[in-house]
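Undergrad: Supplied in structure tokens, the structure appears directly below.
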Ligand SMILES: O=C[C@H](O)[C@H](O)[C@H](O)COP(=O)(O)O
């Protein structure tokens, strides 16, 4: 079952935690397993949550939290992913926490991805790519995203403004999410760079060159993979 696999991956990541560390805590169902296990083992250190949801959970299990501005060093960040390819490139943001997650992953000395093995893909892109955008001029930003995608050879992909309870989904930072169904992503880095150049785009769910280790939960245990 996928949830057992997520828990196995989360449990394996605990081996990388040391007392006194400053941790980045990811968001989503797999990261939630990690946060709960960390609380259960009485983690002696401090942590930065990547969402309000994770902050609530971490507080509930007794983890000591700090804000990002209270430290200059993050020893280890542990987070889930929606897709991970062999190079360690990821699609993230299915839960809408991509901006805070990306800031923390990029600043962490070590970034470990934990996921069930269904997220282990040869090529990114089956999962729609989340792109966080400002609410201001969202229509114009979507138009600019379409033009950028066309220039990169993505033929007429479907773009959907994500909905939440009672309207459009809003991130913890008050932004909106556009989910882009690309089918396949051949080169993640230039796509991320081109989309991020658009002024109304806050960030994308493509995490490239950030991953140090991937831990996939399987039916019988875990599979660890170092990015190629
Ligand atoms: O915004 C959400 C995050 O990027 C999650 O880490 C990602 O969506 C994976 O979530 P889950 O572990 O629930 O599959």
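Read the figures in this text as sums done on the coordinates, not as results from a lab. Please read all numbers here as calculations on a predicted model, not as lab measurements. FYI the Cβ positions are ideal-geometry reconstructions off the backbone, even for glycines, and counts take in every protein chain you see.
Undergrad: Can you report the principal axis dimensions of segment 129-203 using only the alpha carbons, biggest first, rounded to whole angstrom?
TA: Dimensions of segment 129-203 along the principal axes of its Cα atoms: 35, 23, 19 Å.
Undergrad: For residue 1 and residue 181, compute 0.36 nm times the residue count separating them, minus their Cα-Cα distance, and round to one decimal in nm. Intermediate values should be presented prior to the final figure.
TA: On the way: separation 180, 0.36 × 180 = 64.80 nm, distance 2.64 nm.
Full extension of this stretch gives 62.2 nm more.
Undergrad: Antiparallel as a % of all DSSP beta bridges within the chain, to the nearest 5? Please report the intermediate quantities before stating the final value.
TA: On the way: 22 of 41 bridges.
Given both bridge residues lie in the chain, the antiparallel proportion sits at roughly 55 percent.
Undergrad: I've got another one for you. Can you give the three extents of the C-alpha atoms in the chain along their principal axes, from longest to shortest, in whole Å?
TA: 50, 35, 33
Undergrad: Stretched out fully, how many nm does the piece from residue 64 to residue 151 gain, at 0.36 nm a residue minus the Cα gap?
TA: Result for the pair: 26.7 nm of gain on full extension.
Undergrad: Right, something else. Distance from a point 7 Å along Cα→Cβ of residue 29 to each backbone N in segment 2-18: keep the residues under 15 Å and list them by number.
TA: 2-10
Undergrad: Which whole number in µm²/s is D for segment 33-98 by Stokes-Einstein, with the Kirkwood Rh taken over Cα pairs at 37 °C and 0.692 mPa s?
TA: For these conditions, the coefficient is 249 µm²/s.
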